[in-house]
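First up is the structure itself, then whatever we jot down about it.
The values are calculated or read from the model by the stated rules, or taken from the named source; none is laboratory data. Only a predicted model underlies this, so the values are computations on that prediction, with no experimental measurement involved. Every residue, glycine as well, gets a Cβ built from its backbone with ideal geometry; the counts of neighbours run over all protein chains shown. Just so you know, the surface numbers come from the protein's heavy atoms only, side chains and all, with ligands and any DNA or RNA stripped out. Shrake-Rupley method; radii C 1.70, N 1.55, O 1.52, S 1.80 Å.
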Amino acid sequence: MLSACTGGKQNSFSKLGEGDTLKLKYAKNLCVVKHDGYTTVSLADPWNEGKALANYLLSDAPEKVDPSVKEGFIVVKTPIKKALVSTSVHCALYESLKHTDAIAGVCDLDYIKLDFVKDGARKGNIADCGSSMQPNVERVIALQPDAIMLSPFQGSDGYGKISQLGIPIIQLSDYMETSPLGRAEWMLFFGMLVGEEKEAAAQFEEIEKKYNEYKALAAKTTSRKSVMMDKMVQATWYMPGGKSTIGQILRDANCNYAYADTKQSGSIEQSFEQALQKCADSDIWLMRYSDGGDSNYNLASLAKDNEKYKVFKAFKQGEVYGCETTKTPFFEETPFHPEYLLHDLIVLLHPEAEFSKGETPRYFKKL
């Protein structure tokens, strides 16, 4: 009577029932079961193994679903035509699915670079609902969205007053997936929410195909350059962990990354001395940064930030490549299009490969 969610094993986080389980290839924290007239979606709690973060029941006619079936589920009427979205990443996903009209409000507007959001806010078509950590309740009430889409975080004690408004809160924990394609596969869930399930499936199929093609091309290259990532933020150097999506994309790009064998799925906090010990002889330095308005950010600018950067081999040899995150859609695109980043890395790390000749990186440029 019960349907399993992944790998043929029953997941205790899943709110299971009769139906056909959607076979997900990569996502570990998402379980989708199709029923006659509705779909159930269970999200695993990434911080508490075996427990559910939330259980949803999606239907275009929830009033026709037996009330006993709805017990224990957050009911969401689909397609969602009026959403409050808290992150630029998920706004970009709606744009990818050609459903920007479903975004009626956003949080953290100042941090969203997407033109359609900025234009919509200026014209009054998209409401600014304040901080994603504490949305403006009055504005949310005035907006009356069909659903509120928020990113949960470890240690959260709930969502305060907005959780008392009777509006479904969809917790988007895709960023806690353990693989690049695992996070991208959450696109299927979004497709169900906005009524673009087939489009989402088609897009993910293409993303998967491209990513695996690039990965296979990288595996055939003979060079294995060593890589270091990012730069210091005040007194701390945050390096992507080996189990993070960035760490895994670096591995798939066929390079040597000093932190590749670490078990962290997030960032690793390092002092300058620790980073120097690990990365002093790295061949290439890839960094994401915000130049604060300096459109001519270069090696001299980098040295001005910290004179000690000059001791790294990559700096000495001029092999430093930067991604200016306020001028490129890196954070908006790469979570659901990891193939874009993998393409960039292969071009930079394996310029001798036939694949790389004539190709221009999407996000990075040489300082």
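Numbers for the structure displayed
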read-out	value
Within the range 293-331, considering residues that are under 20 Å from the mean Cα position of the chain (by Cα) and open to solvent by 10 Å² or more (accessible area, probe 1.4 Å), the one nearest to SER151 (Cα to Cα)	PHE331
Residue ID - modelled with the lowest pLDDT, chosen from residues in the range 281-292 that are surrounded by 13 or more Cβ atoms within 10 Å (Cβ to Cβ) and assigned to a loop (DSSP other than H, G, I, E, B)	ASP291
Considering residues of the range 218-246 that are under 19 Å from ALA184 (Cβ atoms), open to solvent by less than 70 Å² (accessible area, probe 1.4 Å) and not small (Gly, Ala, Ser) only, the residue farthest from the chain's Cα centre (by Cα)	PRO240
The lone exception for LYS278 - which of (1) open to solvent by 20 Å² or more (accessible area, probe 1.4 Å); (2) in contact with a helix residue (DSSP H, G or I) (Cβ under 9 Å, 6 or more places away or on another chain) it fails	(2)
Some residue of the range 325-344 being assigned to a helix (DSSP H, G or I) and basic (Lys, Arg)	no
Test result for TYR297, hydroxyl-bearing (Ser, Thr, Tyr) and at pLDDT below 95	yes
Filter result for VAL41 (modelled with pLDDT of 95 or more, among the β-branched types (Val, Ile, Thr) and farther than 25 Å from GLU138 by Cα)	yes
Pick from the range 335-361, criterion open to solvent by 20 Å² or more (accessible area, probe 1.4 Å) and free of Cβ contacts under 8 Å to residues at least 60 places away in the same chain, ranking: nearest to THR87 (Cα to Cα)	TYR340
Matching entry among LEU30, LEU57 (being closer than 30 Å to SER179 by Cβ, open to solvent by less than 10 Å² (accessible area, probe 1.4 Å) and either among the charged types (D, E, K, R) or within 19 Å of the chain's Cα centre (by Cα) (or both))	LEU30
Any pair with Cβ under 7 angstrom, 6 or more apart, that starts in the range 120-140 at a residue that is closer than 17 Å to CYS91 by Cβ and free of Cβ contacts under 8 Å to residues at least 40 places away in the same chain and ends at one that is in a helix (DSSP H, G or I) and β-branched (Val, Ile, Thr)	ILE126/VAL117
Output for the range 37-63, where each listed residue is touching a residue at least 12 places away in the same chain (Cβ under 8 Å) and either of a type in the set (Phe, Trp, Tyr) or not in a strand (DSSP E or B) (or both)	GLY37, TYR38, ASP45, PRO46, TRP47, GLY50, LYS51, TYR56, ASP60, ALA61, PRO62
Residue check, GLN144 farther than 21 Å from LEU193 by Cα and in contact (Cβ under 8 Å) with a residue 40 or more places away in the chain	no
Hey, ALA260 under 24 Å from GLN317 (Cβ atoms), open to solvent by less than 40 Å² (accessible area, probe 1.4 Å) and among the aliphatic types (A, V, I, L, M) or not	no
Residues being in contact with a Pro (Cβ under 9 Å, 6 or more places away or on another chain) and either in contact (Cβ under 8 Å) with a residue 40 or more places away in the chain or among the hydroxyl-bearing types (Ser, Thr, Tyr) (or both) - total across the range 266-317	1
Which listed residue is more than 21 Å from SER179 (Cβ to Cβ) and either at pLDDT 95 or above or touching a helix residue (DSSP H, G or I) at 6+ places or on another chain (Cβ under 7 Å) (or both), from LYS310, LYS215, LYS210	LYS310
Subset of the range 92-119 [farther than 16 Å from GLN203 by Cα and either touching an Asp or Glu at 6+ places or on another chain (Cβ under 8 Å) or touching a residue at least 24 places away in the same chain (Cβ under 8 Å) (or both)]	ALA102, ALA104, GLY105, VAL106, CYS107, ASP108, LEU109, ILE112, LYS113, LEU114, PHE116, VAL117
